[in-house]
Every structure is written in structure tokens, then in C-alpha cells.
Amino acid sequence: MHNNNGYVIVQYRSDKGICMENMIHKTKRYLVDVLGLNIDVDLWSENRRLPVYLQDSYKFQQTTLHNLPCLLMIALGEQEQTPAVIRKHAENIRDRWEGEVIYVRRNITAYNRHRLIQHKVSFIVPEKQLYLPLLGIDLREHFRRIRSEREQLSPSSQAVVINVLLDHNNHKYAPRELADKLGYSTMALTRVFDELEFAGIATTSRQGRKRFIEFPVDKRHLWETAGKFLRDPVKKRVYVNRMSSQIPNVVAGLTALSRMSMLSAPDRMTYAISGKAWKTIKEEDGLKQLPPIESDAIELEIWHYNPVTFAINGGVDPFSLYLSLRDSNDERIQIALEEMMEKIKW
């Protein structure tokens with residue numbers, strides 16, 4: 001369609017259509033990432049029978065979530081409506097739709113999200129939060145429990161935090177940058193970003209289509225903030241008769257601590273490997289698991305994440321080492337840990 005000024009109207013409609021397609025795509029991808037749901041989304045033909053103010057305010061797409069018919073009420077305007085108005089709009093639409101109505105918007109303020117939950121209005125903020133009471137799902141509450149109950153971060157989230165603590169040149173990252181270094185998928189990093197943001201450890205932002213995560217510049221502050229959420233990296237300990245020459249490994253435990261403090265070196269060597277590496281080497285010919293009482297047994301720590309990724313001078317990183325030994329009741333170990341942490345250059 002042309003007008004006297006050229007193609008202005010055509011370009012405007014094209015941009016609007018592209019923005020809506022991106023919004024629908026982000027919503028579908030978010031549901032895949034957090035719920036594992038691959039959904040089909042179609043235009044709701046009945047929208048033409050709605051009042052004009054609803055047609056001008058929302059784009060309506062129908063889908064199905066866990067066999068429940070759902071209508072996505074995707075906000076079009078830049079100005080955010082109040083939760084009371086949104087609830088009224090959803091109620092008006094339910095007169096013409098028998099399933100659930102889900103409000104979708106690119107950004108919703110924290111205050112309005114809280115109010116929407118109070119009003120029991122289902123909503124989705126792609127890449128940030130979803131609240132679907134009829135399905136018994138509140139993603140925000142999953143992460144809020146991390147704060148209230150001091151739950152541990154997932155291993156992948158902890159690996160990201162350790163990476164940031166060791167990186168003195170950067171505090172802001174994109175998913176691909178971390179995925180390439182840490183060996184996780186970009187989809188896994190999307191969940192990591194959500195977890196770290198909701199735990200209050202980092203903040204996320206967008207620049208165009210790219211999402212970034214940003215941590216405090218003060219690494220000591222980051223360590224103190226994240227500390228209560230960080231886990232012992234050791235999944236289990238086994239004792240073997242020898243180390244594999246095929247799998248990279250690093251010294252860990254008291255062996256590593258003795259190299260970073262005045263603690264005397266233990267008689268038994270301790271090494272750390274990833275769970276994946278352990279699955280590989282335990283099938284090797286000649287490798288035997290021994291009881292801990294065997295004097296010549298080597299202690300092998302199987303970690304939740306790959307210790308080699310953060311290795312320093314052939315040993316595990318000091319932050320992970322501290323976490324692996326911080327619950328020890330041995331006063332000598334606690335003194336050595338304090339000595340090690342005092343040497344860290346923040």
C-alpha cells in the first residue's frame with residue numbers, strides 16, 4: 001500500500017509484524033527452555049469479534065499447555081497497563097474463550113508482577129518469569145526458595161560464578177562466551193542466567209537480540225554474596241590404585257591446600273576429575289578401586305563440574321578448594337584455608 005509520502009506505512013507495519021513475530025518466538029523458546037514444552041501457536045480468529053480497545057491493545061494467539069487450551073494475550077503498546085485493568089481485560093475475553101487467558105509482555109515491573117500474582121492473572125515475561133496458577137507453576141517461586149531456604153546453586157551456575165571470580169578482566173558476559181569456555185549449551189546458560197538473577201547474585205540485560213549477565217565488579221563482594229548458595233564441588237570420593245594417563249586431572253583436597261598454605265603435605269595424594277572423566281577411566285584395564293584403608297591408595301574426587309577448567313598451576317582453583325574443605329572440623333585445615341584466602345588478589 002502506497003501513500004503520497006512513499007512507503008512509510010508499509011515499513012511501519014512490517015516492523016510491527018517483525019516485533020510481534022520475535023515476541024511469539026521468544027515466548028515459545030522460553031516455554032521450551034523452562035518447561036520442556038514444544039508448542040504450536042496459531043492466530044485466534046475470534047479476536048475480530050472483540051471490542052476495538054482489546055483488538056488495539058493485544059495480539060491474540062491460541063495454543064495448548066499440558067492439554068489445557070490457552071490464549072496468549074500479547075501486549076502491543078509501550079505503556080504498561082495496571083494489573084487491575086489487565087485482569088478486567090482477561091475476564092472480558094473469558095466470555096468468548098473457554099480456556100486459560102495468559103497475559104504476555106516483554107517487560108513487567110516487579111511491583112506489577114507481584115500485583116498480577118495477587119490478582120491470580122496468568123502471565124509470561126519471556127526469559128524472566130512465568131506464572132500459570134491453573135498449571136500449578138510459578139517459576140519465580142522456584143528461585144525465591146533459593147533465597148529463603150539457602151538452597152544450593154546448580155553445578156552449572158556455580159561454575160559460572162567460579163569463572164567470574166577468577167576472571168579479573170571482565171564482569172559482563174553473553175551466553176555464547178560462557179558456553180564456549182565452560183562446555184555448556186546456550187540453552188543451559190539461559191537457565192543459569194535466570195537462576196543467578198533470581199538468587200540476587202547477578203543482573204541480566206539485553207542489547208538488541210543479545211542477552212547479557214553482569215556481576216559485581218568487586219569480586220570479594222561477589223564471593224560473599226554467592227557464598228551461601230555455593231556447594232561442595234565434590235560429588236563423591238573414590239580410592240584407586242593409579243591415575244589414568246589419558247584423562248586430564250589436577251591435584252585437590254589436602255594435597256592442593258598444602259601447596260597454597262603452610263599445611264604439611266599429606267601422605268596420600270588427592271586428585272580431582274569431572275564426572276564425565278570418571279565414567280571414562282573406570283572402565284580402563286588395570287584401574288582398581290581400593291578401600292580407603294589401603295596405604296598406597298590414591299584419593300580421587302569426582303566433581304559436579306570440571307575442575308580442569310579452572311585449574312591453576314596443576315591444582316584446583318582456591319574458591320572450589322575452599323568449598324570442598326570448609327566443613328572440616330580439623331582446626332589445622334581451617335587455619336590453612338584462611339591463609340589461602342588471605343593470599344587471593346581480589
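The values are calculated or read from the model by the stated rules, or taken from the named source; none is laboratory data. What you see is a predicted model, and the numbers here were worked out from it, not measured in a lab. In this analysis, Cβ positions are derived from the backbone assuming ideal geometry, glycine residues included, and neighbour counts consider all displayed protein chains.
Key figures for this structure:
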| read-out | value |
| --- | --- |
| Top-ranked residue of the stretch 23-61 - restricted to ones that are closer than 30 Å to Ala188 by Cβ, free of Cβ contacts under 8 Å to residues at least 60 places away in the same chain and among the polar types (S, T, N, Q), ranked as surrounded by the fewest Cβ atoms within 10 Å (Cβ to Cβ) | Asn38 |
| Members of the stretch 59-74 that are part of a strand (DSSP E or B) and either farther than 14 Å from Arg94 by Cβ or hydrophobic (A, V, I, L, M, F, W, C) (or both) | Lys59, Phe60, Gln61, Thr63, Thr64, Leu65, Leu68, Cys70, Leu71, Leu72, Met73, Ile74 |
| Verdict on Glu301 being of a type in the set (Asp, Glu), at pLDDT 95 or above and not in a loop (DSSP other than H, G, I, E, B) | yes |
| Val250 vs. criteria farther than 22 Å from Pro291 by Cβ, β-branched (Val, Ile, Thr) and assigned by TED's automatic domain parsing to the domain that holds Ile293 | yes |
| Strands (runs of 3 or more DSSP E) wholly inside the stretch 197-264 containing at least 3 residues that are closer than 15 Å to Gln158 by Cβ and not hydroxyl-bearing (Ser, Thr, Tyr) | none |
| Residue check for Leu50: at pLDDT 90 or above and over 17 Å from Leu130 (Cβ atoms) | yes |
| Hits in the stretch 158-177 (condition: under 13 Å from the mean Cα position of the chain (by Cα), part of a helix (DSSP H, G or I) and at pLDDT below 95) | Pro175 |
| Failed criterion for Arg242 (all others in (1) modelled with pLDDT of 90 or more; (2) within 27 Å of Ile298 (Cβ to Cβ) hold) | (1) |
| Scope the stretch 254-305; condition surrounded by 11 or more Cβ atoms within 10 Å (Cβ to Cβ) and among the β-branched types (Val, Ile, Thr); matching residues | Thr255, Thr270, Ile273, Thr280, Ile281, Ile298, Ile302 |
| Check on Ala199, without any contact (Cβ under 8 Å) to a residue 12 or more places away in the chain, aliphatic (A, V, I, L, M) and over 30 Å from Arg268 (Cα atoms) | no |
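Residue-by-condition table, conditions (1) assigned by TED's automatic domain parsing to the domain that holds Thr27; (2) more than 23 Å from Lys26 (Cβ to Cβ); (3) surrounded by 14 or more Cβ atoms within 10 Å (Cβ to Cβ):
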| site | (1), (2), (3) |
| --- | --- |
| Gln79 | yes, no, no |
| Arg94 | yes, yes, no |
| Val104 | yes, no, yes |
| Ile117 | yes, no, yes |
| Lys120 | yes, yes, no |
